[in-house]
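**Student:** The following block contains the structure, expressed as structure tokens.
Only the coordinates and a few stated rules stand behind these numbers; no lab work does. Since the model is a prediction, treat every value here as computed from it, not as a measurement. Here the Cβ is made from the backbone with ideal geometry for all residues, glycine too, and neighbour counts use every protein chain on show.
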């Protein structure tokens, strides 16, 4: 004996399928937009202006080094220095702010004027690049 659906069940199933599909499309469109914004951030050469503003407003008292170049030069491990130099400028800036300045992701995001999720993703990507470089996978 076949189990036949009523017209109401069919309409509800159709509604549910459309809702799920549209929600999925909306979610993935949002993810693509985040990725696009992140790539735009990486290509933006003006990130240094944000960092200079940060260092200009009295934060120098807290930190031992004035810029990213000094931060890299302070490293004793030559392989680590090369790994850090292989990062993009935004990745280097994020690593500098999070590890040298010991800021939180939300504090770094305010300085760089990006969302804290982007800071976290950039940090994760930079750390993977450093790990890969240190293992010799350059």
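**Student:** Ranked from highest to lowest mean number of other Cβ atoms within 10 Å per residue, what is the order of the peptides 110-118, 90-98?
**Tutor:** 90-98, 110-118
**Student:** Would you kindly state how much longer the chain becomes between residue 100 and residue 15 on full extension, computed as 0.36 nm times their sequence separation minus their alpha carbon distance, in nm to one decimal?
**Tutor:** Length gained between residue 100 and residue 15: 25.4 nm.
**Student:** Pulled fully out, how much extra length does the chain show between residue 25 and residue 115, if you take 0.36 nm times their separation in residues and subtract their Cα-Cα distance?
**Tutor:** 30.2 nm
**Student:** Please work out how much length the chain gains when fully extended from residue 137 to residue 107, using 0.36 nm per residue of separation minus the C-alpha to C-alpha distance, in nm with one decimal.
**Tutor:** 7.6 nm
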